[in-house]
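Some notes on the structure that comes next.
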Amino acid sequence: MKNLKVIIYSPYCILRPTTNRIFDMRMSDALAGKGAEISLVYPYTYMKENIRKKDIASCYGLEHKFKTRLLPTVLFENSSKWMRFMQMMLAYSFHSMIMFFENIFSGKKYVFFSRDAKSLIPPLLFKKYLPFLCKWKVVFMAAEVKNNRTYRWVLNNSDGVFAGVTSTKEAIKKIAKVDESRFLLSLAPVPVYKNDVSKTEARNRIGIADSEKLVVYTGKLGLDVQEVLYILDAAALLKEYVFLFTGGRESVVRKVKTYCQERHISNVMFTGFMDDSTLIRNYQLAADVLVSYYTSRDHMVEFNYPQKINEYLSTGNPVITPNFPATQDVLNETNVFFVKEDSPQHLAQGIRKLMEDRILARMLAEQAKKDSEKLSFESRATEIIRFISQL
């Protein structure tokens, strides 16, 4: 696809590798691997823990070269909503204008992608009011559904919608005029991990003995995350197992440790935030049980499919999670162990079941790994290229 240029407008500063940023970077990497010219554009946000720009490729585990363009915004983590909106609109409008003149003379097919509806307003306005000169296509990556004016306008004017899951697609159809041919499902793809190691080697790398019964969670850490509180409650009920949590800034980890000390929860470990996102894989591979226990208090469970679930499936280790509408495209009783939501007691019972019934655990894990092979970024990139060519 040498005649294709994909411009991805990320609403996040990629100098801090977290879930949504990792997704945008890995999708860009996969599309670059298919021969498309990729330019990922992002706003600069000052954060104390920013990685260096020269370390982007290694920290995200990228395999292919593509361009990243930092916009000269003056944003901070605590910048107000309106300050962020105004600066990003100015920055993306200016960049869209540059792309407009470039596109006229390039002879390539330009396609804009973004998970942020507001970021797509500038390229959509160019397309709407200068249709004879502006031939590019716009694809909205819809991870959730918001029934507001801006969201509906972007949906109705985009050429395609990259919906997270089927429930998201069906909800979008109820609020916007988007026919079936304009949809493609994302389904939270994962990289093809070519350098995975054995569980024993993974444990050697992270300093965990083979004899430990290890439960691992690699999601967002914080006392404001109900999922984390539920898992800590389960840990209090399962003193014989070690519960390991990745991620979290130093201040957050300190607060969570204090919380555990006050409640006499001693069978927990915390890694803190890792700049190199590829290191998280060792913790997933080292697990006896992997936990994703997200809740309606933290997420829109009708639409939100946590990226970590498919990461978990690809390890060959058993996964425990609630059964929510957003996960039903992929998850079923043959590849994960479902437990009742919002119940630390049921979560603890499920973890114990997988620890003790190793035949069941192995059967679920083997099927999960097999199912995850169809959900790689590489296979999704092929579908995206085909989808774009038909727009």
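The values are calculated or read from the model by the stated rules, or taken from the named source; none is laboratory data. Keep in mind that this is a model prediction, so the values were computed, not measured. Don't worry about glycine lacking a Cβ; one is built from the backbone with ideal geometry, like all the others, and counts go over all protein chains shown.
Numbers below:
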item	result
Filter pass, Phe324 being farther than 20 Å from Glu356 by Cβ and either modelled with pLDDT of 95 or more or crowded, with 18+ Cβ neighbours inside 10 Å (or both)	yes
Filter result (of a type outside the set (Gly, Ala, Ser) and surrounded by 21 or more Cβ atoms within 10 Å (Cβ to Cβ)) within segment 209-231	Leu214, Val215, Val216, Tyr217, Thr218, Leu221, Glu227, Val228, Tyr230, Ile231
Top-ranked residue of segment 193-208 - restricted to ones that are modelled with pLDDT under 95 and exposed (fewer than 15 other Cβ atoms within 10 Å of the Cβ), ranked as nearest to Met269 (Cα to Cα)	Asn195
Residues satisfying the stated conditions in segment 34-79, i.e. basic (Lys, Arg), assigned to a helix (DSSP H, G or I) and within 11 Å of Ile14 (Cα to Cα)	Lys53
Asp224 charged (D, E, K, R), out of contact with any helix residue (DSSP H, G or I) (no Cβ under 7 Å at 6 or more places or on another chain), assigned to a loop (DSSP other than H, G, I, E, B) and more than 20 Å from Gly207 (Cα to Cα)	yes
Considering residues of segment 113-134 that are buried (at least 21 other Cβ atoms within 10 Å of the Cβ) and part of a loop (DSSP other than H, G, I, E, B) only, the residue nearest to the chain's Cα centre (by Cα)	Arg115
Hey, Ser96 surrounded by fewer than 14 Cβ atoms within 10 Å (Cβ to Cβ), assigned by TED's automatic domain parsing to the domain that holds Arg152 and polar (S, T, N, Q) or not	no
Failed criterion for Gly316 (all others in (1) closer than 20 Å to Asn204 by Cα; (2) among the small types (Gly, Ala, Ser); (3) within 16 Å of the chain's Cα centre (by Cα) hold)	(3)
Residue ID - farthest from Asn3 (Cα to Cα), chosen from residues in segment 135-171 that are among the basic types (Lys, Arg) and outside any helix (DSSP H, G or I)	Lys146
